[in-house]
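Below is one structure, written out as structure tokens, with a few remarks after it.
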Amino acid sequence: MPKLRFGFFHVGRECCAAAWTAKGLAALVLPRPSRKQALKGLRGYLPPLPEETWNQPAAPVPSAVQKQTRLALAGKPFDFRRFDLSFLTPFQQRVLRSTTEIPWGQVRTYGWVAQKSGSPCGFRATGQALNRNPIPIFIPCHRVIASGNFLGGYGSGLEWKIRLLACEGIAVKNQQITVDLKFSPT
């Protein structure tokens, strides 16, 4: 993995963490109550790195990452696509890149993402790749649902998935999308 930098920024009273390389954003942690919890989340997204990586001083998080994160959490459309996913498998990279094609305010099924990723029968493996998504929000895995308009899972917890969908105007009741979605779910 190229030289990694990391840092923290606040959204309201909570703390986000980000890690990046010269190639782009490698990980983003949704708001947590403390810096310690944000750092723990960041370390969980990335492959094991030497302890000296985490002993270096935190760097200022690029302003574009902060701005776009705040837009997304405020329920406004965002645009951020400069990622470094080089530490993931080729399959995981295909799944996450396919997920970026889901428009703001819309959802697609795990089957749709699997098909777009070149593995039409691999919806379970697709779900696992999405569960390990190191860049939630910008790689919008919250927009991926199970068949029958059910939520499925979410690596950061279903509360976050519901919150992020609500930010995009998608209502959820009893872990199911409650509006008529105008898209082909397969």
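Values in this text are rule-based calculations from the coordinates and carry no lab data. Predicted model, so just to flag it, every value in this text is computed and none were measured. Here Cβ is always computed from backbone atoms with ideal geometry, including for glycine, and neighbour counts include all displayed protein chains.
So if I restrict to the alpha-carbon atoms in the chain, what is the Rg, and what is Dmax, the biggest pairwise distance, in Å?
Considering the chain through its Cα atoms, Rg and Dmax are 16.1, 50 Å.
Give the long-range amide H neighbours of Ala27: residues separated by 5 or more places, or on another chain, with amide H under 5 Å away, using H modelled in the peptide plane at 1.01 Å from N.
Ala19
Using unit Cβ charges (K, R positive; D, E negative) and no other charged atoms, how large, in debye to the nearest 20, is the dipole of the chain about its Cα centre?
140
Counting alpha carbon pairs within less than 8 Å and at least 6 residues apart, what relative contact order, in whole percent, applies to segment 90-177?
29
Among all the aspartates and glutamates, which ones have a C-alpha under 16 Å from Lys3's C-alpha, if same-chain residues fewer than 8 places away are not counted?
Cross-link targets: Glu51, Glu52, Asp84.
Between the alpha-carbon centers of segment 11-46 and segment 106-166, tell me the distance in whole angstrom.
The two parts, judged by their Cα centres, are 20 Å apart.
Treating only the Cα positions of segment 90-177 as identical point scatterers, give the base-10 log of I(q)/I(0) from the Debye formula at each q in 0.18, 0.24, 0.25 Å⁻¹.
-0.66, -1.21, -1.31
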